Amino acid sequence: MRVYITNSAGDNIHVIDPATNKVVQVISGIEAPHGIDFAPDGSRVYVSNESDSTLDVVDRASGKIAKKIALSGHPNNIAVTKDGGRVVVGIAEDPGALDVIDTASLKLVKSIPVHGRLHNVYVTPDNKFVVTGSIRTKTLTVIDLKTEQIAWELKLDEGVRPMTFETGPDGSTRRIFIQLSSLNGFSVVDFAARKETMRIVLPAEPTGFGVAERRGDSPSHGIGVAPDGKTLWVTSIYANAVFAYSLPDLNLLGHVALPELKLAGRAPIGSVPNWVTFTPDSKLLYISNAGARSVSVIDTKAMKAVATVPVGEVPKRINTLVMR
């Protein structure tokens, strides 16, 4: 098992061993790496390359780039289908598209038009849908993986940013938890009803961060349901913390403070917490600190930070590889 972090303002990717919380590999040579995901068998690492507008295929063991696949435009986030057969890439250029890469041939086989440039892309846990979000058009788009056609869309009042999924007893998608531009909290969307059912604002305290960091347009930008499905974790740049909610009732369980940057002659600034990922047993939560060149490791049961791992420049996307 490994935790991978793309350093968005650098040219490398750091790999952490959760057993030691030490960096054990650095993948170099990808300028402005963005989204990251993996072949199910762990043989390949897929990375969207913002500098070259390619999907870079990396041999996991050696860390070498095996192939660069040209995309239809500038990419943002990516996701791999559960069977490993396709990589879907959000294209962050107008008019917007979802590129589909066939992993057998390592070729771009389809570009699905959507309404607005894409920021985030996810495959639902049941492998039936791709869910995408656009900041500019404030649109959530759900694409049927079988037909590779748009199944439904939902227009929201703010830009659609990170999201995560809650599954029902049968494994189907029950709810989507979505972070929105200018919202220090998240929206709750009923997947079957195809509508927003509630909106939760994070607690007013702690606060005091985000202004100096110039992140008022996206005060909450990192969210994840733990693998055991019992808790939802939400980062806040305003609070410089991560908040935990119980599932399915969404009761606030508490928060964990994240590192502060203390510079001489000025007030402390936050670490700009961003994306999150978990170990499969749900015991550890990893948070990329975009403003602090680090990753925070949280013990989810004790609700406390247990390690800070130095990484590269402006770390953002973070994902867990479980080798099968």
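Its Cα gyration tensor gives the stretch 86-174 an equivalent ellipsoid. The semi-axes, each the square root of 5 times an eigenvalue, are 19, 19, 10 Å from largest down. Heavy-atom accessible surface of the stretch 1-155, averaged per residue, reaches 38 Å², computed with a 1.4 Å probe. Probing with 1.4 Å while keeping every protein chain in the model, the per residue accessible area of the stretch 176-324 equals 42 Å².
In a fully extended conformation the segment linking residue 313 and residue 228 would gain 27.4 nm over its present Cα-Cα distance, using 0.36 nm per residue. Pairs from the list 128/195; 22/68; 67/316; 283/304 with a Cα-Cα gap above 21 Å: 22/68; 67/316. Shown is the FRET efficiency for residue 262 and residue 304, computed with R0 = 25 Å from the Cβ-Cβ distance and rounded to the nearest 0.05: 0.80. Rounded to the nearest 0.05, the FRET efficiency derived from the C-beta distance between residue 66 and residue 195 at R0 = 45 Å is 0.55. Packing, as the average of other Cβ atoms within 10 Å across residues, places the peptides 19-26, 254-261 in the order 254-261, 19-26, highest first.
Applying 0.36 nm per residue to the separation of residue 172 and residue 107 and subtracting their alpha-carbon distance, the gain on full extension is 20.4 nm. Measuring nothing but protein heavy atoms, the accessible surface of the stretch 60-195 at 1.4 Å probe radius is 49 percent carbon and sulfur.
Rounded to the nearest 0.05, what FRET efficiency do residue 144 and residue 322 have when you use their Cβ-Cβ distance and R0 = 35 Å? So the FRET efficiency works out to roughly 0.85. When the P(r) is computed for the stretch 1-116, the part past 16 Å accounts for 57% of the Cα-Cα pairs.
Set the Cα radius of gyration of the stretch 225-324 against 2.2 N^0.38 Å, with N its number of residues, and you get 1.08.
Of the peptides 245-251, 66-72, 51-57, the order by per-residue mean of other Cβ atoms within 10 Å, starting with the highest, comes out as 51-57, 66-72, 245-251.
The portion of the accessible surface of the stretch 262-324 made up by carbon and sulfur, rounded to a whole percent, is 53 (1.4 Å probe; DNA, RNA and ligands excluded).
The values are calculated or read from the model by the stated rules, or taken from the named source; none is laboratory data. Keep in mind the model is a prediction, meaning the values are calculated, not measured. Ideal geometry is used to build each Cβ from the backbone, glycine not excepted, and the neighbour counts take in all protein chains shown. Quick note on the areas: whole protein, heavy atoms, side chains included, nothing else; ligands and nucleic acids left out. Shrake-Rupley method; radii C 1.70, N 1.55, O 1.52, S 1.80 Å.
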